[in-house]
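Every read-out reported here was derived from the displayed coordinates using simple, explicitly stated rules and does not represent laboratory data. The structure presented is a predicted model; accordingly, all values stated were derived computationally and were not measured. Glycine also receives a Cβ, built like all others from the backbone with ideal geometry; neighbour counts cover every protein chain displayed.
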Amino acid sequence: MQKDQLFTRRRMLLAGGAALGAAGTAGAVLAAGGADTARTAAAPAAGPRARRALAPNAFRLQPLTGDGPPRAAPRKLKVRQEPILRISGRGRRMVLTFDDGPHPDYTPDILDTLAEYDVRAMFFVCGECVVDNKELLARMADEGHVVGNHTWTHPLLTSLDRDEIRDEMESTSDVIEDAYGERPQWFRAPYGAWNRAAFQLGADMGMEPMAWTVDTTDWMEPGTSAIVDRVEEGAAPGVVVLSHDAGGDRSQTVRAIREWLPYLLDSGYHLTVPRRRV
Ligand SMILES: [Zn+2]
């Protein structure tokens, strides 16, 4: 086996522990369990737990193709009529999401902070940003983050026809597979503007639609402390937090996460990534 194939396999195994399949009830999905996706407030950062995913038998759970034909078509999902807004499950779990990147000026800083606290997050990326920053998606894979599809050019989908929406979504899934090592299982419409075609196409491509519960409003650049306040006041079990690692000057976002992330952990929240089941 060639080295690059091994590397891809490793990335795939580290890519967040998400298993393909249908998710939970409308509007919510189960949070992933297990120590590899959660961290208690009291526990010191004890090394990258995602490495546990390298257990040898994990290979058998997820058959992979080597070179040769592309991976099998994704399993079709039930077509939702509204996006997932929060996660279900026991405990004080929250999901952190970062949209519009990757961006070479901000994404590495955010990844550094997540690594410092041994936390996994979701990144909804745009294809046009991925093409020049593939190494950032490789890093996300290596560090156990989940990458979702946020279209290629970040258009208002409700202004596009079905073929245009398909192109936006499909091309982005292709470049994610190339850079991250597997096709995305999650999709988020730009501006949270969903329509029936987006739900149908996403389901056809094996992606669940995920929105958010709390918008940090960092895209308005309201000041670091305002962003921190939004997150800390919005924190609650099941909350999905929306931040942005690109699309403007995100230095406030970068500074804010250094404050609110330890606050959430000290408050007993488990910051996790959602799980999908076979
Ligand atoms: Zn966006």
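At a glance:
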read-out: Relative packing of peptides 225-235, 120-130 - highest average C-beta neighbours within 10 Å first; value: 120-130, 225-235
read-out: Segments 75-81, 178-184 sorted - mean Cβ within 10 Å per residue, highest first; value: 178-184, 75-81
read-out: From phi via Karplus (6.51, -1.76, 1.60), per-residue ³J(HN,Hα) for segment 224-230 in Hz, x at Gly/Pro; value: 4, 5, 5, 5, 4, 4, 4
read-out: Backbone N under 14 Å from the Lys76 label point (7 Å along Cα→Cβ), restricted to segment 182-205; value: 200-205
read-out: Dipole in debye (nearest 20) - segment 95-241, about Cα centre, beta carbon charges: Lys, Arg +1; Asp, Glu -1; value: 480 debye
read-out: Selection from Ile257, Ala193, Ala179 lying farthest towards where the dipole of segment 169-278 points positive, charges on Cβ; value: Ala193
read-out: Net charge over other residues, Cβ less than 12 angstrom from the Cβ of Pro237 (K, R count +1; D, E count -1); value: +4
read-out: Residues with amide H under 5 Å from that of Gly206, placed H, sequence gap 5 or more; value: Leu77
read-out: Burial order of peptide ranges 151-161, 82-92 (average beta-carbon count within 10 Å, highest first); value: 82-92, 151-161
